[in-house]
1. Take residue A:39 and decide whether it is free of Cβ contacts under 8 Å to residues at least 24 places away in the same chain and either among the small types (Gly, Ala, Ser) or more than 12 Å from DNA strand C (Cβ to nearest atom) (or both).
2. Which of the strands (runs of 3 or more DSSP E) contained wholly in the range B:93-164 include at least 1 residues that are in contact with an Asp or Glu (Cβ under 9 Å, 6 or more places away or on another chain) and open to solvent by 10 Å² or more (accessible area, probe 1.4 Å)?
3. Pairs only if they're at least six apart or on different chains, beta carbon under 7 angstrom, first in the range B:167-191 and on the phi > 0 side of the Ramachandran plot, second among the aliphatic types (A, V, I, L, M) and open to solvent by 10 Å² or more (accessible area, probe 1.4 Å); list them, first residue then second.
4. Can you find even one residue in the range A:299-306 that is surrounded by fewer than 19 Cβ atoms within 10 Å (Cβ to Cβ), in the same structural domain as residue A:119 (by TED's automatic domain parsing) and either within 30 Å of residue B:262 (Cβ to Cβ) or among the hydroxyl-bearing types (Ser, Thr, Tyr) (or both)?
5. May I ask you to list the residues in the range A:46-85 that are more than 8 Å from chain B (Cβ to nearest Cβ) and either within 16 Å of DNA strand C (Cβ to nearest atom) or open to solvent by 30 Å² or more (accessible area, probe 1.4 Å) (or both)?
6. Consider residue B:157 carefully, then state whether it is within 20 Å of residue B:193 (Cα to Cα) and of a type in the set (Ser, Thr, Tyr).
7. Would you check which residues across the range B:1-36 are open to solvent by less than 80 Å² (accessible area, probe 1.4 Å), away from DNA strand D (no atom under 12 Å from the Cβ) and among the hydrophobic types (A, V, I, L, M, F, W, C) and list them?
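The values are calculated or read from the model by the stated rules, or taken from the named source; none is laboratory data. Because the structure is predicted, anything quoted here is derived from the model rather than measured. Every residue, glycine among them, receives a Cβ derived from its backbone with ideal geometry; neighbour counts consider all protein chains shown. In case anyone asks, the SASA skips ligands and DNA or RNA and just uses the protein heavy atoms, side chains included. Shrake-Rupley method; radii C 1.70, N 1.55, O 1.52, S 1.80 Å.
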Number of protein chains: 2
Amino acid sequence: MATIYDVSVMAGVSLATVSRVVNNNARVSDKTRRKVLAAMEALDYRPNAIARSLASNRSDSVGVLVSQLEGPFYGPMMAEIENVLRGAGKHVIIAAGHGDEEQEKEGVQFLLNRGCDALILDVEAVPDAYLVELCQGQTPIVLINRYVTGIDDRCIYLDNERGGYLSTRHILSLGHQKTAYLSGPLYKLDVQQRIKGHQRALEEAGLPFDPELFFEGDFHEGSGRAGMEYFLRLGRAFSALICANDSMASGAIAAALEAGLRVPEDLSVMGYDNVPFPAYISPKLSTISNPIDKMGKMAALWVLQHVYEKTGTSVTGKFMPELIVRDSAQARD
Amino acid sequence: MATIYDVSVMAGVSLATVSRVVNNNARVSDKTRRKVLAAMEALDYRPNAIARSLASNRSDSVGVLVSQLEGPFYGPMMAEIENVLRGAGKHVIIAAGHGDEEQEKEGVQFLLNRGCDALILDVEAVPDAYLVELCQGQTPIVLINRYVTGIDDRCIYLDNERGGYLSTRHILSLGHQKTAYLSGPLYKLDVQQRIKGHQRALEEAGLPFDPELFFEGDFHEGSGRAGMEYFLRLGRAFSALICANDSMASGAIAAALEAGLRVPEDLSVMGYDNVPFPAYISPKLSTISNPIDKMGKMAALWVLQHVYEKTGTSVTGKFMPELIVRDSAQARD
DNA sequence: CTGTTAGCGCTTTCAG
DNA sequence: CTGAAAGCGCTAACAG
């Protein structure tokens, strides 16, 4: 691999001059530039990113930490981040936190040690205080999918209370009175907020919240099945099931169908997140939009503006969910 | 940020000694080691990965290039790679190639310049020759989802001809005579192989391949819809649709249902890939397993063995697809 | 406009 | 077992 030194020798100039033409950040005479470019070409010179980082203390790369790589949720987000950043000549280093505090912290350290110019974090297990402290550090941080007071300006998040409210209000407006709720892990803030919205809609309609018709799942299909089976065993009547995400809704529907229920004729089901797949299969899932991809894009734009000083559209932190009516929920007869 | 120098001063030893205890690769007296560890602790010292890479010419990170970040397909693969590597203290840098030759090459360059110790590539647009040359270079390469003669030992791939064969044979064994084929992009090798397998099954059954009942999609749901609509407009009779992946199968089923067809009563549909979602919704998709996650794991193991010299299970390159019978295809009445 | 010269933080011979 | 010292490839003052 040719180094900057090889190029400088071949072009008959100094290291510094080669560096200047590579970085295109200082005046170089046209003639010299041409000589250098020719040498670079001849030697197939590629600047060593590592050395450059060490010397300049920036890496033209931003770190992204997501809780998981698989599943339908984070893909679109990562794709958008990568898109925006790649367009600006920056690169993305991805790590996974697996929803575990230790692993999340480790991932952050890894990205920091690798000299990322900024971090985009989707973390759920670390405490707020840790994040506040992190924001004090040298490396700029953006939080996605989480709201932390004190560092509001670094947060890009969905109004989950509203999402929960919209979902339940839709069900109630269809005439359902008895509803079951299939929740995500209760320690997660967004889960709590979705429940809050659910309860607000109930209250507004003068309906009680029934803690028995409530099941705490883990956001995966399997726990959707488990939840449905639990509700069925309970033997309590309910005509609608409100789920905290689409994956669990899918699992629940599968279990319901297997138990001989028709969806939506016998049971209406609401999802949440508007993940791509369920829209394509029967019954199409009614759900709440969660523009996670747009949030990813926004995070990337924030980084571009604040770290790389590109100007552009202004960045907004709070996103609004929307009701998406399809076929899995219908009016109660 | 504390540097190795700060630690050496505080511990009253030389840089070299600190380096030795950090890397744990040379004998250091217990007493010295303790002093150093204490100093590291006190200063909250974190080795700078960039500097370490520059000096040692290895980065403890491996680059992964996938064609796309979104979609249900690559998530599980990346997750497995990350899992295996993280378990060995290595890290993953992910880039996307978007199925475009320029972007794929750029991505490879990026990963190379970042000093990755090895590359795991899922590329589709670059020519074989490029890959062969790449394998000549310093950085070890593993190819996933692609077979290139000459570098067989670097390839981890699925027997797609067999997958195509299994899918079609299943349909024919159910008594279907008229089948339509919804293909992926024809320039892709695996697509061509799936078609080959399809044709072999047809031939074996003494049935002709009908080029009219053939549609080239792009592997996304939208083209599944488009394909179905195309076949419907054609007005030709067929009782089964064989798809080159699950996403297109989902789209096709959606379009079929909207057109008033029942699946599988009026139309049997086969998918390919065994992506998570379609299993959970009605009708559950019959498909061909594509153990992409296992292939990812295998690639990571290869790297562990060949690059980091960890021993372990032996690595096999060729994976066999399996038929997964669910509900979207049934016997013709 | 161009060259010289210190480093960036760490690893790695080579002596001792 | 430990220390001194020479880089890894590049950037960024500072002179000229």
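1. Against the criterion (free of Cβ contacts under 8 Å to residues at least 24 places away in the same chain and either among the small types (Gly, Ala, Ser) or more than 12 Å from DNA strand C (Cβ to nearest atom) (or both)), residue A:39 does not qualify.
2. B:155-158
3. Correct list of pairs: B:175/B:331.
4. No, because not a single residue in the range A:299-306 is surrounded by fewer than 19 Cβ atoms within 10 Å (Cβ to Cβ), in the same structural domain as residue A:119 (by TED's automatic domain parsing) and either within 30 Å of residue B:262 (Cβ to Cβ) or among the hydroxyl-bearing types (Ser, Thr, Tyr) (or both).
5. First, the residues of the range A:46-85 that are more than 8 Å from chain B (Cβ to nearest Cβ): A:52, A:55-58, A:60, A:62-67, A:73, A:77, A:80-81, A:83-85.
Within the range A:46-85, A:52, A:55, A:56, A:57, A:58, A:60, A:73, A:80, A:83 meet the criteria.
6. Here the answer is yes, as residue B:157 does meet what is asked.
7. B:2, B:22, listed by residue number.
Here is a yes/no grid of residues against (1) modelled with pLDDT of 90 or more; (2) open to solvent by 50 Å² or more (accessible area, probe 1.4 Å):
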position	(1), (2)
A:256	yes, no
A:269	yes, no
A:277	no, no
A:292	yes, no
A:308	no, no
A:320	yes, yes
A:330	yes, yes
